[in-house]
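Colleague: Quick one: the structure is below, questions incoming.
The values are calculated or read from the model by the stated rules, or taken from the named source; none is laboratory data. This one's a predicted model, so the numbers in the text were calculated from it and none came from an experiment. Neighbour counts are summed over all protein chains in view; Cβ atoms, including those assigned to glycine, are modelled from backbone coordinates with ideal geometry. Note: areas computed on protein heavy atoms with side chains; ligands, DNA, RNA excluded. Shrake-Rupley method; radii C 1.70, N 1.55, O 1.52, S 1.80 Å.
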Amino acid sequence: MESFLPIIQFLLPEFILENFELTSIDRLQGVFHVHIEEKNADQRDPERKNLLSKGFFPTITVQDFPIRGHQVFLHLAS
């Protein structure tokens, strides 16, 4: 999975990379599924240090731009 990270960094907005962690990338029947999970807030930020991602919301799936003719779905988990 780490081998995909440089490619994903070019494809995803910086905001996503700052706030989400890449957990897996799957290719099923020519469709890419990129799974990312929300990071906990930085403990050094006094306004956000007590915020934790607890998974209260269901995973959101967003269809993204195709990559070389393959469909791409982003699965965002909190």
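Colleague: Does Glu47 count as in contact with a strand residue (DSSP E or B) (Cβ under 9 Å, 6 or more places away or on another chain) and at pLDDT below 85?
Modeller: No, not satisfied.
Colleague: Which pairs do you get when a residue that is farther than 15 Å from Asn40 by Cβ, found in the range 14-28, comes within reach of a residue that is open to solvent by less than 100 Å² (accessible area, probe 1.4 Å) and part of a strand (DSSP E or B), reach meaning Cβ atoms under 6 angstrom, with the pair 6+ apart or on two chains?
Modeller: From the range 14-28, the pairs are Leu22/Ile36; Ser24/His35; Ile25/Val34; Asp26/His33.
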